[in-house]
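In what follows, a structure is listed as structure tokens, so that the remarks can point back to it.
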Amino acid sequence: MNFPGNSRRDFVKQSGVLAGGLLILPNLSKANFFSGADDVIKVALVGCGGRGTGAAMQALSTKQNVKLVAMADAFRDKLDACYKNLTAENTTEGANAKGSVKDKIDVPEERKFTGFDAYQKAIPFADVVILATPPGFRPMHFEEAVKQSKHIFMEKPVAVDPAGVKRVLEAAAMAKQKKLNVVVGLQRHYQNSYRELYKRKGTIGDIVSAQAWWNNDGVWVNKRKYNQTEMEYQMRNWYYFNWLCGDHITEQHIHNIDVINWFKGSYPIKAQGMGGRQVRKGKDHGEIFDHHFVEFEYADGSILNSQCRHQPKTMSRVDELIVGTKGRIQFDAAKIVDAKGKVIYSYNKEMENNPYQTEHDELFAAIAKGDYKFSDAENGAYSTMTSILGRMATYSGQVLEWDKALNSGLDLQPKVYDWNAAPPIVPNEDGFYPVATPGITKYV
Ligand SMILES: NC(=O)c1ccc[n+]([C@@H]2O[C@H](COP(=O)([O-])OP(=O)(O)OC[C@H]3O[C@@H](n4cnc5c(N)ncnc54)[C@H](O)[C@@H]3O)[C@@H](O)[C@H]2O)c1
């Protein structure tokens, strides 16, 4: 992958975020092996919602001797629901699992943690940490897991603002020095059809343009409840607040944008786009847009047209397309066609895997062997930044350059994480939140 600035060394020089101590070799103890006297690989789960429960199940369904030993969530009810799911009688799935998932749960009351600081309490018990909270917290949680020398599975996106991207890049460099395996849940990298298409990307010649779509009805809404503080309300309805979610261009469409970056082997240098909210604009819809269309430009002049829309009863498509001088890659169809449209490669979809499981199979196999094999955080950060650049472009309506956006200092996080503290964005007296306005909203 051609990271912006070409190499980490250049990145160190250019960004100045990797100053001082990080260049000193850290203490490598426990850095590339797990800590137990037996062969048990201990896992802590941070963020016990839908994906956290799924990821824990997948970790416990690998061939290795894995145990869930600690859980952390902002809310006790979420943690309890996850624990109940993981310990239910029927959790025996998992192609590779030795024994049922529920037998691999060893989380007594004293290793269940809740609140904003729960992650700090759960991480010390583990060899591997699963980070699956809303993405606003990811930089902070990733930093802590790296500091404590843990292997990591973290969900995408890995940040919601440029300041968070920089924190993740800094911690990623430290993770590399400590030889900590880091897998990011951009699972198309672990999906057979994408991997086979990637091997054959040369057959389409030079990439000249690409398209990416995440168009569908949208996601859940958790309406405000009586007696909630503003902080609790936003935490429970997190999808609609950028300090937690980053808008759906970052939260979901990152998957498609990342595929194009991966196949291009680089990241865009600038973006411009348009977007807004036409359908999803109620009080419980916070501040995010319901559509974005962004033109990303790469250094070689090639263009990615990216579109994402959350509007019911409109065309649904979650897919990518890459056009080269000699042909096209159609990702959802898993086909490569030549310039005349003749199919020159077609992936047999019967061979498709469950990439969510493969991520964990490969990660835990590497950890058990003591191998250092995965360093996904840097690409995760740069693909996250690509999606943030897109959001900054649609919110402002300006042409935004990568370097200026990354160095804009935009930091959406609250100063204080507390149930009674004011979140960074609050509603007006009618209960509506401020929404970005192209032409008025400014970033650089
Ligand atoms: N790779 C994929 O295809 C995929 C699919 C779904 C979700 N995800 C990602 O997983 C992440 C979580 O999504 P989800 O659908 O599970 O959401 P969710 O709301 O179901 O779960 C999030 C959980 O994190 C908890 N949480 C919030 N803040 C916390 C904090 N500071 N400390 C500890 N716990 C905290 C919440 O209470 C909740 O239980 C998101 O980043 C999302 O993009 C990825």
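What percentage of the solvent-accessible surface of the chain, computed with a 1.4 Å probe over protein heavy atoms, is contributed by carbon and sulfur atoms?
Working: 9230 of 18550 Å².
C and S fraction of accessible area: 50 percent.
Spit out the partnerless Cys residues in the chain, using Cβ distances under 4.7 Å as the pairing rule.
C245, C308, each lacking another Cys Cβ under 4.7 Å.
Please give the charge dipole size of region 99-225, origin at the Cα centre, charges +1 on K and R Cβ atoms and -1 on D and E Cβ atoms. Round to the nearest 20 debye.
Details: 22 positive and 14 negative charges, 33 e Å.
Around 160 debye, computed over region 99-225.
Which value, in debye to the nearest 20, describes the size of the charge dipole of the chain about its Cα centre when Lys and Arg Cβ atoms bear +1, Asp and Glu Cβ atoms bear -1, and nothing else is charged?
Numbers: 56 positive and 51 negative charges, 127 e Å.
Dipole of the chain, to the nearest 20 debye: 620 debye.
Going through region 73-179, which GluC sites (Glu not before Pro) have at most 13 other Cβ atoms within 10 Å and a DSSP loop state? Let's see the in-between values first.
Working: sites: E89, E93, E109, E110, E143, E144, E155, E170; in loops: E89, E93, E155.
Listed in order of number, the matching sites are E89, E93.
Quick one: length gained pulling T437 to N305 fully straight, 0.36 nm per residue minus the C-alpha distance?
Working: separation 132, 0.36 × 132 = 47.52 nm, distance 2.15 nm.
Value of the extension gain: 45.4 nm.
Suppose each label sits 7 Å from its Cα in the direction of the beta carbon; what would the E362-K225 distance come out to in nanometres?
Modelled inter-label distance: 4.0 nm.
What distance in nm lies between label points placed 7 Å from Cα along the C-beta direction at N353 and E109?
4.2
Students often forget the sequence filter, so: which lysines lie under 22 Å Cα-Cα from K112 once same-chain residues fewer than 8 apart are removed?
K42, K67, K78, K84, K102, K104, K121, K147, K150
Okay, which of region 191-209 sit inside 20 Å, backbone N to the point 7 Å along the Cα-Cβ direction of I344?
193-209
Using 0.36 nm per residue of separation minus the Cα-Cα distance, give me the extension gain between D284 and D403 in nm, one decimal. Before the final figure, lay out the partial values.
Working: separation 119, 0.36 × 119 = 42.84 nm, distance 3.39 nm.
Length gained between D284 and D403: 39.5 nm.
What number comes out for accessible area per residue over region 339-444 if the probe is 1.4 Å? Units Å², please. Can you show the working numbers first?
Working: 5450 Å² over 106 residues.
Per residue, region 339-444 has 51 Å² of solvent-accessible surface.
Among DSSP beta bridges whose residues both lie in the chain, state the antiparallel percentage, nearest 5. The partial results should precede the final answer.
Working: 34 of 64 bridges.
Just about 55 percent of them are antiparallel.
Residue separation times 0.36 nm, minus the C-alpha to C-alpha distance between N428 and T325: what's the value?
Values: separation 103, 0.36 × 103 = 37.08 nm, distance 5.21 nm.
This chain segment gains 31.9 nm when fully extended.
Assign one of three labels to region 188-276, namely rounded, prolate or oblate, based on the Cα gyration tensor with a ≥ b ≥ c the square roots of its eigenvalues; rounded applies when a/c is under 1.5, prolate when it is not and a/b is larger than b/c, and oblate otherwise.
Numbers: a/c = 3.37, a/b = 2.41, b/c = 1.40.
Verdict is prolate for region 188-276.
Normalise the Cα radius of gyration of the chain by 2.2 N^0.38 Å (N = residues in it) and let me know the number. Don't skip to the answer; put the middle values down first.
Details: Rg = 21.5 Å, N = 444, 2.2 N^0.38 = 22.3 Å.
That works out to 0.96 for the chain.
To the nearest 20 Debye, how big is the dipole of region 325-369 about its Cα centre, given +1 on the beta carbon of each Lys and Arg and -1 on that of each Asp and Glu? Write down the numbers at each step before the final one.
Numbers: 7 positive and 7 negative charges, 91 e Å.
Taking the Cα centre of region 325-369 as origin, the dipole is about 440 debye.
Which shape class applies to region 108-182: rounded if a/c is under 1.5, otherwise prolate when a/b exceeds b/c and oblate if not, where a ≥ b ≥ c are the square roots of the Cα gyration tensor eigenvalues? Display every interim value, and only then the final one.
Details: a/c = 2.19, a/b = 1.30, b/c = 1.69.
Oblate, since a/c reaches 1.5 and b/c is not below a/b.
The values are calculated or read from the model by the stated rules, or taken from the named source; none is laboratory data. Every value quoted in this text rests on a predicted model; they were computed, and no experiment measured them. Note that each Cβ is placed from the backbone with ideal geometry, even for glycine, and that neighbours are counted across all protein chains shown. When the accessible area is computed, the model is the full protein with side chains, heavy atoms only, and any ligands, DNA or RNA have been set aside. Shrake-Rupley method; radii C 1.70, N 1.55, O 1.52, S 1.80 Å.
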